[in-house]
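A quick write-up on the structure given underneath.
The values are calculated or read from the model by the stated rules, or taken from the named source; none is laboratory data. As the structure is a computational prediction, the values presented were derived from the model and not from experiment. Methodologically, a virtual Cβ is constructed for each residue, glycine included, from the backbone with ideal geometry; neighbour enumeration extends over all protein chains shown.
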2 protein chains.
Amino acid sequence: MSDWPDRRLIDLFGIRHPILQAPMAGASGVALAVAVSRAGGLGALPCALLSPDEVLAQVEAFRQEADGPLNLNFFCHTPPDPDPEAEAAWIAALAPYYAELGLDPEAPRPASSRAPFDEAFCALVETVRPAVVSFHFGLPAPDLLARVRASGARIISSATTVEEAVWLAERGCDAVIAMGFEAGGHRASFLTRDMNAQPGTFALVPQIVDAVDVPVIAAGGVADGRGMAAALALGAAGVQVGTAYLRSPESLIPDFHRQALASARDDGTAVTNLFTGRPARGLYNRLMAEIGPMSTAAPPFPTAAGALAPLRAARPGADFSNQWAGQAAALAQPIGAEDITLALAQDALDQLARLSGRPRPA
Amino acid sequence: MSDWPDRRLIDLFGIRHPILQAPMAGASGVALAVAVSRAGGLGALPCALLSPDEVLAQVEAFRQEADGPLNLNFFCHTPPDPDPEAEAAWIAALAPYYAELGLDPEAPRPASSRAPFDEAFCALVETVRPAVVSFHFGLPAPDLLARVRASGARIISSATTVEEAVWLAERGCDAVIAMGFEAGGHRASFLTRDMNAQPGTFALVPQIVDAVDVPVIAAGGVADGRGMAAALALGAAGVQVGTAYLRSPESLIPDFHRQALASARDDGTAVTNLFTGRPARGLYNRLMAEIGPMSTAAPPFPTAAGALAPLRAARPGADFSNQWAGQAAALAQPIGAEDITLALAQDALDQLARLSGRPRPA
């Protein structure tokens, strides 16, 4: 399978298939990255919930198991200043649930642990020298970004609009991920907060392709060979795939999330800010249905998560937990991530050959 | 150009290219249908704003200009009972605008004129025998639907979810339009009101293809050959295209709408219920920005339109007018609709050939 029509990502990252595994904080770790890498895709480690030491250990574990390049992914949000008033409003909105579960809303709660890319992470990148560093929510400060670039890493980030893609390309990203509205997990949005205007993958990809010179990676709804073929047809150089891996044995999601995915529907997700304060797509659950998926009471990312932790501890399961998933969750298969990756590549090439009216030789 | 990989729609409708012109009430008429038909696509006449006599005249005009099959499109909503309380709440929400324009909120207003498919329209179908009858917002009552079928017409309708597609297929639709969230104009939704869960084209099309046996027509974000190629890659048998025609000389939109489209952005639209009471995607304008695109104060379709009519009359232009458009509006070209259609077909086939690594002979 060396017949990809667009080899830009293959050459840029040193991979065999233009398939990027989405780094999914809390849902993916070394095993998934290794499996995707072995299949010829780009394995990724999400670092936002890890300490630098934990990242270092995971990188070493990955490198013992796989020869391929590695993508380290970091958030680059600006942590908000403490805002007791906003926090109190959020607790008030959740008060009925605290009461239902017999919890004390005045009891101390854990602080949220999503860490932005900083000096310590940057030093780690300079030490382990990953082939690719990807960012979510924009890019870090220019001095940190320059150090990442000097480490030799290829730099990518996600755009949810043409404006964001142009912003990223102007700052030297080697490729841009076009993250359509279908995508699971946190919206990468960093220049807009208007979730009503977020473009879907089908509309977003060609418009970003027209606006930037770097290769574009399609994300959001890409879950099988048809989706990968369609992404290439829209002008993308490759795809980033997340939800399609969530049912694999390498995924780290809890059982209730895995079970919910087994009966996922096309219309079973929404973008919600309830779980972290930042919009993210996940399967509808009780909290989203009762409060509504978007609430002005949710405090800034990542502080909204703190007030939900006691609810989740008292009532484990779907009711108060985020279950990130994209709109193509129903296409995810409960098979190994290496097989998922190989099937994506094979089926996409087969689909393109079939549509051109000339079947590929077996 | 006889090398379409999927000929189901070509055979079903008797067209040369699997391209359906979206019937756009208020924005398209005979000229657009004729131009698309001459190019080998399926021309359509939107009938929701017309009387049966007006439809009859337009059918006759079409048939004098074009030899191809014709698609007559009807709404099949249930008109709501009068609800003075809801109407008063809507007037109250709009009161600042009435005051700004010096209008009397107590003055009589025009009733909305969107007519559902009924006995008179059905008799018209039996008389003019169009090749295709398409419906929006579900299907009409079984007795009317049976008469349409007996007239010899192919019957199609739009689905915004897998559930709606299955519902339509079970009731005998010959093909189903998969209307992704990117699409301009009224959402076809008839089994759901949850706009937060509406799937994008990229996720919706393959899931509907997997769920029904009839051919699937992709709609929403399809505006050039890349989009058409991608739709086929996702498993669609063809495409329905609306926004891509809005800048053609055959389009009937007013100048302010045409000018806004010339600078359209990927993130410049939202789904709004302000203009008719039913969710529809259009370019952001003052009313949407100030009230928010979705309002619980808007009364049921189509009555919300009545209270906006005096505002539009007093302030013609974008402020209080719907400007329906999909998320790929920036890809629309100001060229003739026949050329748009031919380019869609040619570019889609070229794109598929290019991606398979084997250029088509010139």
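For the stretch B:108-123, the criterion of a residue being over 23 Å from B:Ala231 (Cα atoms), within 14 Å of chain A (Cβ to nearest Cβ) and at pLDDT 95 or above is satisfied by no position. Just one of the listed residues (A:Ala298, A:Ala353, A:Ala337) is more than 24 Å from B:Leu204 (Cβ to Cβ) and either of a type in the set (D, E, K, R) or surrounded by fewer than 21 Cβ atoms within 10 Å (Cβ to Cβ) (or both), namely A:Ala353.
In the stretch A:110-152, the qualifying residues are those that are without any contact (Cβ under 8 Å) to a residue 40 or more places away in the chain and within 27 Å of A:Gly180 (Cβ to Cβ), and the one that is surrounded by the fewest Cβ atoms within 10 Å (Cβ to Cβ) is A:Leu145.
Results for (1) touching a His at 6+ places or on another chain (Cβ under 9 Å); (2) at pLDDT 95 or above; (3) of a type in the set (Gly, Ala, Ser), shown as yes or no for each residue.
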{"site": "B:Ala169", "(1), (2), (3)": "no, yes, yes"}
{"site": "B:Cys173", "(1), (2), (3)": "no, yes, no"}
{"site": "B:Ala178", "(1), (2), (3)": "no, yes, yes"}
{"site": "B:Phe181", "(1), (2), (3)": "no, yes, no"}
{"site": "B:Phe190", "(1), (2), (3)": "yes, yes, no"}
{"site": "B:Ala197", "(1), (2), (3)": "no, yes, yes"}
{"site": "B:Gly200", "(1), (2), (3)": "no, yes, yes"}
{"site": "B:Pro206", "(1), (2), (3)": "no, yes, no"}
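In the stretch A:69-80, is there at least one residue being at pLDDT below 95 and either among the acidic types (Asp, Glu) or more than 30 Å from A:Gly277 (Cα to Cα) (or both)? For the stretch A:69-80, residues at pLDDT below 95 and either among the acidic types (Asp, Glu) or more than 30 Å from A:Gly277 (Cα to Cα) (or both): absent.
The C-beta contact set for the stretch B:77-90 (first residue more than 14 Å from B:Ala305 (Cα to Cα), second residue of a type in the set (D, E, K, R) and not in a helix (DSSP H, G or I), distance under 8 angstrom, 6+ apart or interchain) comprises B:His77/B:Arg114; B:His77/B:Arg278.
Out of the stretch A:82-114, which residues are in contact with a Ser or Thr (Cβ under 7 Å, 6 or more places away or on another chain) and outside any helix (DSSP H, G or I)? Spell out how you get there, then give the answer.
The first filter runs over the stretch A:82-114 and keeps only residues in contact with a Ser or Thr (Cβ under 7 Å, 6 or more places away or on another chain), leaving A:87, A:93, A:112.
Passing the criteria: only A:Ser112.
Just the residues that are out of contact with any strand residue (DSSP E or B) (no Cβ under 7 Å at 6 or more places or on another chain), more than 16 Å from B:Glu338 (Cβ to Cβ) and surrounded by 13 or more Cβ atoms within 10 Å (Cβ to Cβ), please, taken from the stretch B:58-69. Steps first, answer last, please.
Of the stretch B:58-69, the ones out of contact with any strand residue (DSSP E or B) (no Cβ under 7 Å at 6 or more places or on another chain) are B:60-61, B:63-65, B:67.
Within this subset, residues satisfying the condition of being more than 16 Å from B:Glu338 (Cβ to Cβ) are B:60-61, B:63-64.
B:Ala61, B:Arg63, listed by residue number.
Answer yes or no: is there a residue in the stretch A:233-243 that is modelled with pLDDT of 95 or more and over 20 Å from A:Gly41 (Cα atoms). Within the stretch A:233-243, one or more residues are modelled with pLDDT of 95 or more and over 20 Å from A:Gly41 (Cα atoms). In summary, helices (runs of 4 or more DSSP H) completely within the stretch A:170-275 and bearing 1 or more residues that are aliphatic (A, V, I, L, M), touching a helix residue (DSSP H, G or I) at 6+ places or on another chain (Cβ under 6 Å) and within 27 Å of A:Leu287 (Cβ to Cβ) occur at A:255-262. In summary, B:Leu261 fulfils each of the numbered conditions (1) away from every other protein chain (no Cβ under 13 Å); (2) closer than 30 Å to B:Asp3 by Cβ with the single exception of condition (2).
Assess whether B:Ala188 counts as being closer than 18 Å to B:Leu234 by Cα and either out of contact with any Lys or Arg (no Cβ under 7 Å at 6 or more places or on another chain) or within 9 Å of another protein chain (Cβ to nearest Cβ) (or both). It is false that B:Ala188 is closer than 18 Å to B:Leu234 by Cα and either out of contact with any Lys or Arg (no Cβ under 7 Å at 6 or more places or on another chain) or within 9 Å of another protein chain (Cβ to nearest Cβ) (or both). The number of residues in the stretch A:287-344 being free of Cβ contacts under 8 Å to residues at least 40 places away in the same chain and among the small types (Gly, Ala, Ser) comes to 3. Residues that are in contact with a helix residue (DSSP H, G or I) (Cβ under 8 Å, 6 or more places away or on another chain) and not β-branched (Val, Ile, Thr) were ranked within the stretch A:139-149; the one that is nearest to A:Gly220 (Cα to Cα) is A:Leu139.
Kindly establish whether A:Ala231 is free of Cβ contacts under 8 Å to residues at least 60 places away in the same chain, more than 20 Å from B:Arg265 (Cα to Cα) and within 10 Å of chain B (Cβ to nearest Cβ). So A:Ala231 passes the test. Just to be sure before I move on: is B:Gly282 surrounded by 23 or more Cβ atoms within 10 Å (Cβ to Cβ) and in contact (Cβ under 8 Å) with a residue 60 or more places away in the chain in the structure I sent? Yes: the conditions hold for B:Gly282.
Considering every residue within the stretch B:42-51, establish whether at least one is farther than 19 Å from B:Leu144 by Cβ, of a type outside the set (Gly, Ala, Ser) and either over 14 Å from the mean Cα position of the chain (by Cα) or surrounded by 24 or more Cβ atoms within 10 Å (Cβ to Cβ) (or both). It would help to see each step written out before you state the result.
The first filter runs over the stretch B:42-51 and keeps only residues farther than 19 Å from B:Leu144 by Cβ, leaving B:42-44, B:49.
After this cut, where a residue has to be of a type outside the set (Gly, Ala, Ser) as well, the list is B:42, B:49.
Subset that is either over 14 Å from the mean Cα position of the chain (by Cα) or surrounded by 24 or more Cβ atoms within 10 Å (Cβ to Cβ) (or both): B:42.
Yes, there is a match, as at least one residue in the stretch B:42-51 is farther than 19 Å from B:Leu144 by Cβ, of a type outside the set (Gly, Ala, Ser) and either over 14 Å from the mean Cα position of the chain (by Cα) or surrounded by 24 or more Cβ atoms within 10 Å (Cβ to Cβ) (or both).
Somewhere in the stretch B:278-293, is a residue modelled with pLDDT of 95 or more and of a type in the set (S, T, N, Q)? Yes; the residues of the stretch B:278-293 include at least one that is modelled with pLDDT of 95 or more and of a type in the set (S, T, N, Q). If a residue has to be closer than 29 Å to B:Ala165 by Cβ and of a type in the set (S, T, N, Q) to count, how many in the stretch A:266-304 make the cut? The number of residues fulfilling the criteria is 3.
The criterion of being farther than 30 Å from B:Ala233 by Cα and within 14 Å of chain B (Cβ to nearest Cβ) does not hold for A:Pro300.
Residue-wise test of (1) farther than 23 Å from A:Asn73 by Cβ; (2) more than 16 Å from the chain's Cα centre (by Cα); (3) aromatic (Phe, Trp, Tyr).
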| site | (1), (2), (3) |
| --- | --- |
| A:Ala188 | no, no, no |
| A:Ala197 | yes, yes, no |
| A:Val205 | no, yes, no |
| A:Pro215 | no, yes, no |
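Among the residues of the stretch B:263-283, are any farther than 20 Å from A:Gln207 by Cα, of a type in the set (Asp, Glu) and out of contact with any Leu (no Cβ under 7 Å at 6 or more places or on another chain)? Scanning the stretch B:263-283 turns up no residue that is farther than 20 Å from A:Gln207 by Cα, of a type in the set (Asp, Glu) and out of contact with any Leu (no Cβ under 7 Å at 6 or more places or on another chain). The set of residues in the stretch B:243-270 that are closer than 16 Å to B:Ala318 by Cα and among the β-branched types (Val, Ile, Thr) comprises B:Ile253, B:Thr269. Hey, can you tell me all the residues within the stretch B:299-358 that are over 22 Å from the mean Cα position of the chain (by Cα), in a helix (DSSP H, G or I) and closer than 30 Å to A:Leu349 by Cα? Within the stretch B:299-358, B:Gln346, B:Asp347, B:Leu349, B:Asp350, B:Gln351, B:Leu352, B:Ala353, B:Arg354, B:Leu355 qualify. Here B:Ile217 meets the list (1) over 18 Å from B:Leu352 (Cβ atoms); (2) of a type outside the set (Ser, Thr, Tyr); (3) more than 7 Å from chain A (Cβ to nearest Cβ); (4) buried (at least 24 other Cβ atoms within 10 Å of the Cβ) almost entirely, failing just condition (1).
All of (1) more than 7 Å from chain A (Cβ to nearest Cβ); (2) free of Cβ contacts under 8 Å to residues at least 60 places away in the same chain; (3) surrounded by 24 or more Cβ atoms within 10 Å (Cβ to Cβ); (4) farther than 22 Å from B:Ile155 by Cβ hold for B:Asp194 with one exception: (3).
Condition test on B:Arg278, is it more than 14 Å from chain A (Cβ to nearest Cβ), in a loop (DSSP other than H, G, I, E, B), under 30 Å from A:Gly235 (Cα atoms) and within 16 Å of the chain's Cα centre (by Cα)? In short, no.
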